[in-house]
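**Q** Handing you this structure, nothing more for now.
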Amino acid sequence: MKKIAIFLLSLLMCFSLSACSSKPDSTITNFCNAMKNYDFDTMGEYLSDKIKETLENPYVDTEGTTEEMVNILKECASKMTYVVESSEVDGDTANVVVNFNYANLSPVMSDTLTEYMKQAFSLVLNDVTEEEMDALFNNIFNETYKSSEIQMIDSTLEFKCKKTDNGWKITELPNDFYDVLSANIVSMFDDITN
């Protein structure tokens, strides 16, 4: 009788493991952990080939961006927390809803731009170089960041996934993905330029 109970328990565990592996939750968890580490290469491993081509670090090789600024973004990303709220599978596709709590750098950027405009106006008349203007912006941003109390905010994102031969892959990045990853800097610049 004991052998039958062990066999049935083993069988039940196999079924529960196969049911768990049929959901994309581990893909989403690994992707979100890579977001926290600001690791674009690892994030790319969990994306479909089509989406992988669109994933970009918006602060690599961007003119005027310093290593210190990227380190601030990495520091903010490391403070991010997330909870997978739901996972709905429909055959080979799935929608996974994730709630993020992340740093909001919008006030820091707003204060930086205000101060930058004040100082830049007088410098433009003194024939300064573009490098000096970039350095001014970065210095103001760094000082504003250091002196600010960074607030955390929530955002809920829905990831679309597809089951492939290589496991579940994310097929569509949510609209606010780059806001969460950039601590809202991307949307702030979008608002300014539009």
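The values are calculated or read from the model by the stated rules, or taken from the named source; none is laboratory data. Everything numeric in this text was worked out from a predicted model, so none of it was measured. Methodologically, a virtual Cβ is constructed for each residue, glycine included, from the backbone with ideal geometry; neighbour enumeration extends over all protein chains shown. We work out accessible area using only protein heavy atoms, side chains counted, and drop any ligands, DNA or RNA first. Shrake-Rupley method; radii C 1.70, N 1.55, O 1.52, S 1.80 Å.
**Q** Which residue, of LYS118, LYS169, LYS160, is over 20 Å from TYR38 (Cβ atoms), among the charged types (D, E, K, R) and open to solvent by less than 50 Å² (accessible area, probe 1.4 Å)?
**A** Working: LYS118 fails: open to solvent by less than 50 Å² (accessible area, probe 1.4 Å); LYS160 fails: open to solvent by less than 50 Å² (accessible area, probe 1.4 Å).
LYS169 is the lone residue from the list that is over 20 Å from TYR38 (Cβ atoms), among the charged types (D, E, K, R) and open to solvent by less than 50 Å² (accessible area, probe 1.4 Å).
**Q** Which condition does ASN95 not pass, out of (1) open to solvent by 80 Å² or more (accessible area, probe 1.4 Å); (2) at pLDDT 95 or above; (3) more than 17 Å from the chain's Cα centre (by Cα), if it passes all the others?
**A** (1)
**Q** Let me ask something additional. So, of the residues in the stretch 128-185 that are part of a loop (DSSP other than H, G, I, E, B) and free of Cβ contacts under 8 Å to residues at least 40 places away in the same chain, which turns out to be nearest to ASP111 (Cα to Cα)?
**A** It comes out as GLU149.
**Q** Residue by residue through the stretch 163-185, note down the ones that are among the small types (Gly, Ala, Ser) and under 17 Å from THR27 (Cβ atoms).
**A** Let us first name the residues in the stretch 163-185 that are among the small types (Gly, Ala, Ser), namely 167, 182-183.
Within the stretch 163-185, GLY167 is the sole residue that qualifies.
**Q** To continue, here is another question. When residues of the stretch 165-193 are filtered for being modelled with pLDDT of 95 or more and touching an Asp or Glu at 6+ places or on another chain (Cβ under 9 Å), how many remain?
**A** Count: 2.
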